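To start, the structure itself, in structure tokens.
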Amino acid sequence: MSESYTVAELATAVGGTVRGDGAIRLVGMAEIDQAEPDQLTWAGGGKYTKLIPTSKAGAILVPRDADPTPMPAILCAHVDSALVVVMKMFAPPQVTPAMGVHSTAVVDATARLGTDVAIGPLVVIGPGVVIGDHTHLHSGVHVGSECKIGSHCVLWDHVVIRERCVLGDRVTLDAHVVIGSDGYGYTFADGAHQRLIHGGNVEIHDDVDIGAGCTIDRAKFRSTSIGRGTKLDNLVHVGHNVQIGAHCLIMAGACIAGSTILEEGVIIGGQASVRDHVTLGRGVQVVGMSTVWSNLAAGMVVSGIPARDHREHLGELAALRRGPGLLARVKELTQRVEQLEASADHLDSR
Amino acid sequence: MSESYTVAELATAVGGTVRGDGAIRLVGMAEIDQAEPDQLTWAGGGKYTKLIPTSKAGAILVPRDADPTPMPAILCAHVDSALVVVMKMFAPPQVTPAMGVHSTAVVDATARLGTDVAIGPLVVIGPGVVIGDHTHLHSGVHVGSECKIGSHCVLWDHVVIRERCVLGDRVTLDAHVVIGSDGYGYTFADGAHQRLIHGGNVEIHDDVDIGAGCTIDRAKFRSTSIGRGTKLDNLVHVGHNVQIGAHCLIMAGACIAGSTILEEGVIIGGQASVRDHVTLGRGVQVVGMSTVWSNLAAGMVVSGIPARDHREHLGELAALRRGPGLLARVKELTQRVEQLEASADHLDSR
Amino acid sequence: MSESYTVAELATAVGGTVRGDGAIRLVGMAEIDQAEPDQLTWAGGGKYTKLIPTSKAGAILVPRDADPTPMPAILCAHVDSALVVVMKMFAPPQVTPAMGVHSTAVVDATARLGTDVAIGPLVVIGPGVVIGDHTHLHSGVHVGSECKIGSHCVLWDHVVIRERCVLGDRVTLDAHVVIGSDGYGYTFADGAHQRLIHGGNVEIHDDVDIGAGCTIDRAKFRSTSIGRGTKLDNLVHVGHNVQIGAHCLIMAGACIAGSTILEEGVIIGGQASVRDHVTLGRGVQVVGMSTVWSNLAAGMVVSGIPARDHREHLGELAALRRGPGLLARVKELTQRVEQLEASADHLDSR
């Protein structure tokens, strides 16, 4: 199913050079401790490099200055960049819907589709929608009225994009993503929570990937925004009005509450959350299962509930671990002080 | 696209009075620090009121007794209630499916549809279903057999309601909500987890809103129930047999485990969880990312894992922050006591 | 709607014996404190047994050696096993799509369907798919190309199974489950996060149940795997390459990060998470809302963020609760030591 390549062909593809037998043919890839003699592996450094001597891999991607290896090596300027190339080469071809519009799709007459689009079975496209060139909509995708979708996007099965939302180019939405759900905004009046109608939308910039089951709420007035190159894992919630900068990483199960700002390059760990109306500066990192309650300066690494400086929090955890012992120690110390006080009284009274 | 209104028209709509030029025409709304001269804003009090002097808004909603403002003001009995009205006026019209039943919908011959329903493309309605007047089902909604849905409901794309569930009037379910999934109930027998077939259903009362991607499990015998006017944010899980009272608020990512009872007006913060078989009294508030392990009396505000009184927990967090210092202090104190003991021995032996 | 049975009939069905009047006819089931005289209940031990004297149930399932009960009893070798049988008897019949392939389903000509399959409305089945005998696909299920689905499976509405994934026999996927979404794997190169194309798949073994809205990511090279008899609650995330053993239980909202291994019988509490690349030994239990950061030996019970031995953690929590008091105590003790030091100086100088 997937292709096979010689070591020499792979080296050419990644712009690297062969050390050893370039004629060996490889049929797949695996991690260094699991690769077989007909498979390629890689070692960019650290613990992977230590496993080279015992690996059974047929060939290995290593940095240019790597020590000799027992198997043929492909010397690369950047192992990570090479990995992107070879994983794509060995992967089975990406599945796409048939080109054109499937006979069961329901496309409004006013929608404008680019060239070379692929619209799968049972897709629904509303009035006024614009879809760019080379964009693929898998089965059951629903695009609400007046949405704009860029070129080279891939929307997997059952994605829902509600009315008036905007996607840039090369956006990938995995199955069951919801874009443009109503913001969670109520005001209590006349004995009940009254919904505030959210007239805004969601704007997803170029090269964003959003994982299966994520929900991105529309803004009150303008746009909830996800910046260029940002990648969301599965089941992430993004609240109304949130502004996420470029090149952020947000891991599975995280929640970003309303009107919060994540500047460029922020990393949010799995199941972490950020409260509403705060700003996380450039490059902030939030450890998984933490909760941010306040603004964070650029570059901070935080953990805890509420989140604070990560090293400080680790110190607190260490202290907490010694908490039960400390209680006993203070009790014992109190007894010794009492004894000293008694004997001081005794001395005084001499 | 959206409408424009004069200040005087807006004042009439909210039952307020104009102070200043009522003829100014506004084309939209924005928050006080972002509003432009052709936009309406609001300030109900607190930090918003402090921003009035520097706001560029064309007009502002304020309480009746508000100080003079640099821009025309609409004096309101309740700013929050007025906000509900004007946000609806300025929002683009709500998108609805075309009236009637779309030609691609699959509606069982035994289903009974009310007047003025709108059934979108690729909707599936099972046998014995009853749908009330003025209810809208967007594309791809699936309603299982014998379900009853009230009037004036809005079900967004790809909502799934499994068999025999019941929805009241004015219920809104956002995209990808699942109502009536199987309860998570197993018993270990014969070397494996055996599923307990859940014969109950889910009952959603009037005026409930449920956010995108929520899952509400069916009960073992009777009904999992969500009370009148309760609002769920996105990706909330509600387990089998749970009884949620009226007017509760449950934020994104929260989990309510099986058979638990939330009385009226309970607020559950984002990603918080409540274990199974406990009762949270009227008006209990659970801070985000907390976990409730026990019954809570009415009105309690709790946080922590497990959750306890919020103030108490904040005190513990403050103590924890001083934990590393405390360790050092006790160590130093121990040395001083040792010294005192040594000198006491010395004195004694004189 | 549901059936009625005599106590004697029920006893026969569960292989038990009647004590008391076997002719009483029952129409349903309920928990012991809620059952009515025409309903069956059960009491396997503990607090349920204490409620027997005050229960109004018409009959009760109890262990063989149970004390006399006020209502007729069915004596069972295993109450839990009997419960599985009677809950199924009293539940309304399970809803299934009509046998055969619905006229609106889109089934590729190269797909191979077993005997007695039921393919609901608007199902999409891709090229090369194989579906086993007696398997039911409810409305809107999408099965990607080259997938293999076993026999006696039930896939609820809108389930998405992406390309090349494999399901065993008797697998149940609740509504909106996603199997085979892209793994979250990127490498930073050329100023952006580059996606690593995941060429692997997901393999779900026999008798697995997966709750509504769960997302299971495909592996990089081989298979993300969920072992025989494992049961996932709703909204669970399973990352790429994860290996989950047989008979595990994973509660709602939990996240299992990439390449992690859960051995047989592991239990993960609600909203708990496990980081990537760790191994949890046989029978490990993780308390809800905890986070596992490291390998755990078989049989460990852990809690906390990060998770540690549960008893130890409870001790720490107890110490934490006394933290504020401890601060005060150390302060007071310091003053007493200062006083002792002052008087020791005084004594010395005498």
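The values are calculated or read from the model by the stated rules, or taken from the named source; none is laboratory data. Since this is a predicted model, take the numbers as computed values, not measurements. For neighbour counting, all protein chains shown are included, and Cβ atoms are generated from backbone atoms with ideal geometry for every residue, glycine included. Accessible surface areas use protein heavy atoms only, side chains included; no ligands, DNA or RNA. Shrake-Rupley method; radii C 1.70, N 1.55, O 1.52, S 1.80 Å.
Quick notes
- Evaluating 6.51 cos²θ - 1.76 cosθ + 1.60 at θ = phi - 60° for every residue in the stretch B:195-204, the Karplus couplings come out as 6, 8, 5, 8, x, x, 9, 10, 10, 10 Hz, glycine and proline recorded as x.
- The accessible area of residue B:48, taken with all protein chains in place and a 1.4 Å probe, comes to roughly 50 Å².
- For residue A:64, inter-copy label distances in nm, listed shortest first [label point 7 Å out on the Cα-Cβ vector]: 7.8, 7.8
- Tally of Lys pairs whose C-alpha atoms are under 24 Å apart, taken over chain C, 8 or more apart or cross-chain: 6
- Of A:289, A:89, A:251, the residue with the greatest mean-square motion in the GNM of chain A, using alpha carbon springs below 10 Å, is A:89.
- For residue B:34, label point 7 Å along C-beta direction: distances to other copies, nm: 4.5, 4.5
- Largest accessible area first, the residues B:293, C:42 order themselves as B:293, C:42 under a 1.4 Å probe with ligands, DNA and RNA left out.
- A simple count of charges around residue B:269, restricted to other residues whose Cβ falls under 13 Å of its Cβ and scoring Lys, Arg +1 and Asp, Glu -1, yields -1.
- Positions from the stretch A:245-280 whose accessible area shrinks by 10 Å² or more when the full protein complex is built, not the chain alone, probe 1.4 Å: A:247, A:249, A:251, A:252, A:253, A:255, A:271, A:273, A:277
- Accessible-area ranking of A:188, A:90, largest first, probe 1.4 Å: A:188, A:90
- Computed over the stretch A:1-151, Kirkwood Rh from alpha-carbon pairs, angstrom: 17.9
- Accessible area buried between chains A and C, both sides summed, probe 1.4 Å, in Å² to nearest 100: 5600
- Estimated vicinal HN-Hα couplings, Hz - the stretch C:121-129 in sequence order (Karplus 6.51, -1.76, 1.60; Gly, Pro = x): x, 6, 6, 10, 10, x, x, x, 6
- Protein heavy-atom surface of the protein assembly as shown, 1.4 angstrom probe: 53% of the accessible area is carbon and sulfur, with nucleic acids and ligands not counted.
- Choice from A:299, A:150, A:323 showing the highest fluctuation, given a GNM over chain A with Cα pairs closer than 10 Å: A:323
- Cα gyration tensor shape of the protein assembly as shown, rounded if a/c is under 1.5, else prolate or oblate by comparing a/b with b/c: rounded
- Solvent-accessible surface of chain A, averaged per residue with a 1.4 angstrom probe and all protein chains in place: 38 square angstrom.
- GNM flexibility winner over chain B from B:121, B:306, B:68 (Cα, springs under 10 Å): B:68
- When nucleic acids and ligands are ignored and a 1.4 Å probe is applied, residue B:146 ends up with an accessible area of around 90 Å².
- Oblate is the label for chain A, because a/c, from the alpha-carbon gyration tensor with a ≥ b ≥ c as root eigenvalues, is 1.5 or above and a/b does not exceed b/c.
- Between identical copies, the spacing of residue B:299 label points, each set 7 Å from Cα toward the C-beta atom, reads 4.9, 4.9 nm from nearest to farthest.
- Listing of the stretch B:119-141 residues, each with accessible area lower by at least 50 Å² in the full protein assembly than in the chain alone (probe 1.4 Å): B:122
- Between the beta carbons of residue B:311 and residue A:3, assuming R0 = 56 Å, the FRET efficiency works out to 0.30 to the nearest 0.05.
- Residues of the stretch C:293-326 that bury at least 40 Å² of accessible area once all protein chains are present, compared with their chain alone (1.4 Å probe, heavy atoms only, ligands and nucleic acids left out), are C:293, C:305, C:308, C:316, C:317, C:319, C:320, C:321, C:326.
- Within chain A, percent of DSSP bridges classed antiparallel, to nearest 5: 15
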